[in-house]
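Structure first, commentary second.
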Amino acid sequence: MGINVTSTAFKEGQPIPKQYTCDGINISPALEWSGVPKTAKTIAIICDDPDAPMGTWVHWVLYNLPADKIGLIENTPATETLPGGGVQGTNDFKKIGYGGPCPPSGRHRYFFKLYALDAELSLKSGATKADLERAMEGHTLSQGQLMGTYSR
């Protein structure tokens, strides 16, 4: 059984509202989740777009969120560390925090992937998706995802 990931901003497979994109105010959507294993120590989140012309584009990297957390607020601050615990990495816009959908053309899919981990990762803030994926190897207990779409 995986983790159930939802948002009050959009439903699975539905369009992501403009305010969460580069065409709007570019804030992160609220996320909620349930079904994290009791043995989990931390949560990691990666949001990426596999439809980008140059290969998968990373929009958000978060890790070391406390495992008892059940969501993230809308407009999560673009800071290296988060109030209440958690660290943010660098997205492919070369910035810390969330960078919303901004496809050059066509309809793209955006996957908000959540991982329950059995350890706190020894990564400094600003880590990339690749850094995070290496650090998570062998530590993933369960995962879930929410996919939204966007076209300009």
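No value in this document is a laboratory result; all are computed from the given coordinates. Not measured: the values here are computed from a predicted model. Here Cβ is always computed from backbone atoms with ideal geometry, including for glycine, and neighbour counts include all displayed protein chains.
Quick notes on this structure:
- Taking a Cβ cut-off of under 10 Å around N64, the surrounding Lys, Arg, Asp and Glu residues balance to a net charge of 0, with basic ones at +1 and acidic ones at -1.
- For A9, the residues whose amide H sits under 5 Å from its own are A30, ignoring neighbours fewer than 5 places away on the same chain, with H placed 1.01 Å from N.
- Distance between region 72-129 and region 1-35 - C-alpha centres, whole angstrom: 13 Å
- If both residues of a DSSP beta bridge must be in the chain, then about 95% of such bridges are antiparallel.
- Using only alpha carbons, the chain has a radius of gyration to Kirkwood radius ratio (Rg to Rh) of 0.94.
- Annotation: amide H-H contacts under 5 Å for T90 (H modelled 1.01 Å from N, sequence separation of 5 or more, or interchain): G126, A127, T128.
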